[in-house]
Amino acid sequence: METIQLQRQLISFATDVVRLAIWLLVLMAVFVPLERLFAVHSQKVFRKSFLADLAYYFLTGLLPKMLLIVPTALIARCLHYAVPDDLHLWVADLPLWARLAAAWVVGELGFYWGHRWMHQIPLLWRFHAIHHSAEEIDWLVNTRAHPFDIVFVRLCGFVPMYALGLAQPMLGKTVDVVPLIIMLVATLWGFLTHSNLRWQFGWLGLLISTPAFHHWHHTNDEHTNKNYASMLPFLDRLFGTWYMPRKQWPSKYGIDAPVASGLTDQLLDPLLPRGENARVPTAQAVD
Ligand SMILES: [Zn+2]
Ligand SMILES: [Zn+2]
C-alpha cells in the first residue's frame, strides 16, 4: 500500500517537473526574442546568476506548492468559522466571473500587504532580499525568491479569499478553478513585469502593472519601497506607495547589502540567527 502511495507521489513529482520544463521552453521562446527586440537595458541572455535563477525556477515551482497544502487548509478552515454563514451562502451563489473578479481584488489586496510586510519587517526582509539582490532584471528574475518568501505572500493572498468563501483550498481531488486561474495569470504576469521590455502600455498602465511599474520596485536609489502590487497599481495609489515617472527607467537595480553568491547559502542564510552570518541583509529603510 505504502509502495503504491510512494509511486503515485513520484509520478506526480515527475509530472510537475516535466510540466515546468515545458513552460520554461515556452517562456524562453516568448521572452528571449522579445527582450532582444524591445530591450530597456542592453544585457546578455546568459547573464550572471542565470543558472542560479534557473534552479530557482524549478525550486519555486515545486516546493511552495507542497509546503502550502497543510497551512492553507488549516488557516482557511479556522477563518471559515469566523465569517458569517450568510456571507458564504451569498458568495456561493455568485456566477463564476463575479467570484473570480472579487477573488482577484481580495487576493491582490492580501498580496500587496504581504509584500509590503516583506519589506518592512526585518525578519521577513531577510528572505525577500534574495529577490531584490538581482542587479540585472529580466523575465527569469520572477523566479528568484526564497521558498518561504513565496509561501508567505501566497498565504497573504489566498487566505482572505478562502476566508470569504471566494475560493476553496486545493485539497486532494477537489479542484476549485478560481485559485488555479488566479495563480496562473498572476505567475505569467510576473514574468512579463520582470521582463527587460520597454513596454509602458499607455493609459492601460494606470489599470494594470507593467514592466516599468515593477522595475521601479527593484530600483536601488532613493525611490525604494514603492510599487508593491502584483497586477493592480491602484492599490499603491490607495496606500501611498505608487511611483511611476513618465518614460524613465531605473539606472541601478539590486540592494547595497551583500547577499550570498551560492544558491545553497542563499537558501540557508535567512534561517540562521542574526549576527552569526554577516551576509544577511538588514531591512530597507521605509519612509
Ligand atoms: Zn519586493
Ligand atoms: Zn520582482
* Taking 0.36 nm per residue of separation and subtracting the Cα-Cα distance, what length does fully extending LEU94 through MET183 add? -> 30.0 nm
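Enumerate lysine pairs in the chain that are 8 or more residues apart or on different chains, then count those whose Cα atoms are under 21 Å apart.
Value for the chain: 5.
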* Structure fact -> In order over the range 181-188: 3J(HN,Hα) from phi, Karplus 6.51/-1.76/1.60, θ = phi - 60°, whole Hz, x for each Gly or Pro, gives 5, 4, 5, 5, 5, 5, 5, 5
* Asked: What residues have an amide H closer than 5 Å to that of LEU197, excluding those fewer than 5 places away on the same chain, when H is modeled at 1.01 Å from N in the peptide plane?
  -> VAL40
* What does the convex hull of the alpha-carbon atoms of the range 88-159 project to on average, in nm²? -> 6.0
* Using only the alpha carbons of the range 2-271, determine the length spanned along each of the three principal axes and report them from longest to shortest in whole angstroms. => 52, 49, 36
* To do: Go through the range 207-213 residue by residue and turn each phi into a ³J(HN,Hα) via Karplus (6.51, -1.76, 1.60, θ = phi - 60°); whole Hz please, and just put x for glycine and proline.
  => 9, 9, 5, 10, x, 4, 4
* To do: Round to a whole angstrom and tell me the spacing of the C-alpha centers of the range 95-166 and the range 75-92.
  => 22
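Can you tell me the order of 30-43, 192-205, 104-117 when each peptide is scored by its average per-residue count of other Cβ atoms within 10 angstrom, highest first? If you can, show how the numbers build up before the last one.
Working: 30-43: 13.7, 192-205: 17.4, 104-117: 20.4.
Averaged packing, sorted descending, gives the order 104-117, 192-205, 30-43.
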* Additional length obtainable on full extension of the chain from TYR243 to ILE11, 0.36 nm per residue less Cα span -> 79.0 nm
* To do: May I ask you to derive the FRET efficiency for LEU268 and MET28 from their Cβ-Cβ distance with R0 = 51 Å, giving the value to the nearest 0.05?
  => 0.95
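Bear in mind these aren't lab numbers, they're just calculated from the coordinates by the rules spelled out. Quick caveat, the model's predicted, so the values are computed rather than measured. We place every Cβ from the backbone using ideal geometry, glycine too, and count neighbours over all the protein chains shown.
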